[in-house]
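Structure, as structure tokens:
Every number in this text was worked out from the coordinates using simple rules, so none of it is lab data. It should be emphasised that the depicted structure is a prediction, and the values quoted were computed from it without experimental measurement. Positions of Cβ are backbone-derived with ideal geometry, glycine not excepted, and every protein chain shown enters the neighbour counts.
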Amino acid sequence: MRIAANATLLALLLALTSCSTGEIFVLGENGSRGNTAKGDRGDDGATPLDQALLLLKDLAENGETELQRALAEETVARIEDGDVWIGPVSDARGVDLWHMCKDIVPDECGDRPTDEDWRATPAIQEAIEADLDGYQWGNRLYFTGSDETDPRKLAATLVHEVNHVLNRSECYYYDDYETHEVDQTGAFLEEFRAFYVECWLNRGAKATPEACREHAVKTMDELEYGLTPDFETLMPGELNPLEQIAEELVESRFWMEGSFGYLIPSWFQWPEDFEPCD
Ligand SMILES: [Zn+2]
């Protein structure tokens, strides 16, 4: 899922937006899709989320590469252990809802609320639900519903979004948390990594740093992220910064360092907490 195309908002690039798929889906509505909800595994009435988790469990067992298996296994583990919360956009309250508001109708949200039950006006709520397909903040993932969901795309989206949670993307996405001014380089890196990791999940033995780097850049182009990173500030003198970043992300000897963040949401690299980062 990604923010729906509302060209007036560069904000659409918020910390979340996964995005690769443009897919939206129903959470927690067992059986609502009738026969079409029946997966190949005979999981009658399973939600798209259930089916996506089954696909990931299969990949965790039978994936072609160690990285692919680890991505699938650890993503499922974080979700099933409750380290990531998943729910509908309509359930958002408090500061999470306020951050959504700042990305959609920034002038109408008021000051950041301290009340964890803060609610938007009905008009703002409607605008948010119309414009957002998905949102990540801290360890919470919000989605809006639809009957049209390919569990395979959802599985990749979950890996993308859990990668944002693992790296606390919302803490690097903005220059200013009051205005939600986007940090172009930080936001680019957060999305690049998340699309890059989707590629490693999807392509298995065919994945390479070069192919997945190109995939990530191309996908961000197609989705019109419009980010303008300044690599000279980030990596002075580096001639091929994205090549370097792609290599470092996937090289096992760098996994413990995480200079550009982490790919695998293993417990020992998981954030200690999800306190506000600003
Ligand atoms: Zn994303």
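Under the rule of at least 5 residues apart or a separate chain, name every residue whose amide H is placed under 5 Å from the amide H of residue 141.
The answer is 85, 86, 87.
Show me the GluC sites (Glu not before Pro) within region 202-274 that DSSP assigns to loop and that have at most 14 other Cβ atoms within 10 Å of their Cβ.
224, 238, 251, 257, 272
Can you give the Rg to Rh ratio for region 111-260, taking only C-alpha atoms and Rh from Kirkwood?
Rg/Rh for region 111-260 comes to 0.99.
Only counting other Cβ atoms within 10 Å, I'd like 96, 107 sorted with the fewest neighbours first.
Least crowded to most crowded, the residues run 107, 96.
Please list the non-local residues whose amide H lies under 5 Å from the amide H of residue 182, H modeled 1.01 Å from N, same-chain partners needing a gap of 5 or more.
Those lying under 5 Å, H to H, from residue 182 are 175.
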